[in-house]
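Data block below; observations after.
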Amino acid sequence: MSEEGSTNRVLSQVAPSRRGFVKSVLAGAAFAAPAIASFSIENMEIRSADGQSLTSSLTTGSGSMAYGSSSMVRCLPDLGYVGPAFFQAYVLDISGSTRVNGELSFNIEQDGKALGVRMRMTRDASVSAVSLTVNSVEVATVQMSGGDRDGFGRHDNGSEGRITAADVVGLCDFDSLLQAMASQTAKAVVQGTYASSAFDAQGSILPMSGGPVFHTENRE
């Protein structure tokens, strides 16, 4: 059916007093501009061919954009970190398969460029990985070493490690990790096995009371 025929068929079903208005609407619809989809670059995410998120950065005039594993974060110029210098986390197996638990302590080293980490877990628990998360996204992996025995000769899984800027991913910089810990949005995650059962022990990282409280590193 022609366009004119279609228009007449529609107008025949409209009251005479309204036909002029409807005809003008139909004529205008023929020349309507197509809708243009718009989107914000801040909602974009870089992914690899297998669907995994990538981490990279793009420098801009007002800072940089850090591409984390879940979203793209706008990074402003780093002004340094001012906040607690000591932190602790009590971790407990959230998988429900064991009752493994433990404690981690963190201290900002004097140069402000690294975090010293000490960990003590349930005796005889085998630890395979230690990491930090922010908003459930892994942002740092800790390489732990050492281990000692208590006064009764039993292994208590005491060990030490270190986190530097090179270990931080998905955040703008090392100070971003410190700020997340100070604002209590970071968690410690310890994974391993105990008596052949896998465990996933987690706990929030909190500022530690006692000792020197604040670390100041202004970069203005």
Screening 97, 131, 105, 69 for residues that are modelled with pLDDT of 50 or more and not in a strand (DSSP E or B) leaves only 97
Can you tell me how many residues in the stretch 89-130 are under 20 Å from the mean Cα position of the chain (by Cα) and not small (Gly, Ala, Ser)?
5
Just the residues that are among the aliphatic types (A, V, I, L, M) and touching a helix residue (DSSP H, G or I) at 6+ places or on another chain (Cβ under 8 Å), please, taken from the stretch 156-195.
163, 165, 168, 171, 186
In this structure, does residue 31 turn out to be out of contact with any helix residue (DSSP H, G or I) (no Cβ under 9 Å at 6 or more places or on another chain) and either among the aliphatic types (A, V, I, L, M) or at pLDDT below 65 (or both)?
yes
Is there any pair linking a residue in the stretch 170-190 that is in a loop (DSSP other than H, G, I, E, B) to one that is at pLDDT below 95 and among the hydroxyl-bearing types (Ser, Thr, Tyr), with Cβ under 6 Å and at least six apart or on different chains, and which?
170/55; 170/69
Could you grab the pairs with beta carbons closer than 6 Å, sequence gap of 6+ or different chains, first residue in the stretch 114-128 and under 14 Å from residue 195 (Cβ atoms) and in the same structural domain as residue 202 (by TED's automatic domain parsing), second one at pLDDT 95 or above and part of a loop (DSSP other than H, G, I, E, B)?
122/100; 125/100
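The values are calculated or read from the model by the stated rules, or taken from the named source; none is laboratory data. What you see is a predicted model; the values in this text were computed from it and never measured. Positions of Cβ are generated from backbone atoms using ideal geometry, with glycine treated the same way; all protein chains shown enter the neighbour counts.
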